[in-house]
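Notes follow the structure.
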Amino acid sequence: MLVINNTNVQPLTFFLTGIPGLIAAQVWISIPFCLLYLVALSGNSMILFVVIRERCLHEPMYYFLFMLSVTDLSLSLCTLSTTLGVFWFEAREISLNACISQMFFLHGFTFMESGVLLAMAFDRFVAICDPLRYTTILTNARIAQIGMSMVIRNVAVMLPVVLFVKRLSFCGSMILSHSYCYHVDLIQLSCTDNRINSILGLFALFSTTGFDCPCILLSYVLIIRSVLSIASSERQQKAFNTCISHISAVAIFYIPLISLSLVHRYGHSAPPLVHTIMANVFLLIPPVLNPIIYSVKTKQIRKAIMKTLIQKQLQI
């Protein structure tokens, strides 16, 4: 069997996959994908614009929402070219270096989103459980430190992952399961021992999302306990309403992520279409729904967006 090591002069080429079994209809299938990307890009750009522009939104909660929109926007952009390239132009070829680069940013921004959701949970915890110290705990300097720590964590866990992928050799099939590069998908094509890569991937997953998710759950246990101690039912409802948007964002991020990881590691007998659907749900649903949820459920964001749109209409 021919073994191709990635240290050879000739670069390795992999082949991305669109929708298995529906190749003839991919141009039509690309239309909803294109619309979803358009919604994700425009929605998150609008959130960024109004948070920067409106001084009333210069508060910790909206700074974290700004970070979430930056992450969602980056997630969409890092896969946009390959996904639409496969659907529109059958541009399926991708080099190993390009694949590793995309994988680094894809997983890095995924872990970044997990960290932002944890920071938002901490924000809600302080706001509800210790409101008198809210402004002294979540200062601008501390928010900046939280953002930098998330970036440093993601780079630290992803660098070993991508460096060890460079050491793998590949043989046989070079066909990836998705229209973008996913770590588990890539290392499964290796014909050499990939146990270290699998361990590093699991370590990266558990040290980021595996740490963040229990902390988010713990924060909500403490929030619920604090809210239930409030005598007034009206104040209880008001406190819970401030968390609805964040709880929705956590659900639409973690449920597809966990499902995709389980399908890749244990669902080998599942049809290829299942893998593709799960991968695209994981990729597109959070960036599409997060700006919609926060625009609908957060009064200040909704008012800022309406104000911006009305001003643009008046200028026209």
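Quick notes
- Inter-site label distance for residue 299 and residue 233 at 7 Å from Cα along Cβ, in nm: 2.1
- Across the chain: Cys residues that no other cysteine approaches within a C-beta distance under 4.7 Å: 34, 56, 78, 129, 213, 215, 243
- Relative contact order of the chain: 28 percent, from C-alpha pairs under 8 Å at least 6 residues apart in sequence.
- Pairwise Lys count, segment 25-307 - Cα closer than 24 Å, eight or more residues apart or different chains: 5
- Given charges at Cβ of Lys, Arg, Asp, Glu: the chain dipole, positive-most of 13, 32, 249: 249
- Size of electric dipole in segment 25-307: Cβ of Lys, Arg +1 and of Asp, Glu -1, about Cα centre, debye, nearest 20: 700
- Residues of segment 181-196 with amide N under 14 Å of the 7 Å Cα→Cβ point at residue 169: 190-194
- Using a Gaussian network model of the chain in which every pair of alpha carbons under 10 angstrom is joined by a spring, one finds that among 306, 120, 46 the greatest mean-square fluctuation is at 306.
- Rounded, prolate or oblate (a/c below 1.5 giving rounded, otherwise prolate when a/b exceeds b/c) for segment 10-103 by Cα gyration tensor: oblate
- Heavy-atom accessible surface of segment 121-171: percent carbon and sulfur, 1.4 Å: 70
- FRET E, pair residue 148, residue 95, Förster distance 25 Å, beta-carbon r, rounded to 0.05: 0.20
- Using a Förster distance of 25 Å, the FRET efficiency for residue 195-residue 217 (Cβ separation, nearest 0.05): 0.25
- Label-to-label distance for residue 31 and residue 309 is 2.4 nm, based on points extended 7 Å past Cα in the beta-carbon direction.
- Think of a 1.4 Å ball rolled over the protein heavy atoms: segment 25-307 then has 47 Å² of accessible area per residue.
The values are calculated or read from the model by the stated rules, or taken from the named source; none is laboratory data. Nothing here was measured: the structure is a model prediction, and the numbers come from that model. Quick reminder, even Gly has a Cβ in these numbers, built from the backbone with ideal geometry, and neighbours come from all protein chains shown. Calculation scope for accessible area: heavy atoms of the full protein, side chains included, ligands and nucleic acids excluded. Shrake-Rupley method; radii C 1.70, N 1.55, O 1.52, S 1.80 Å.
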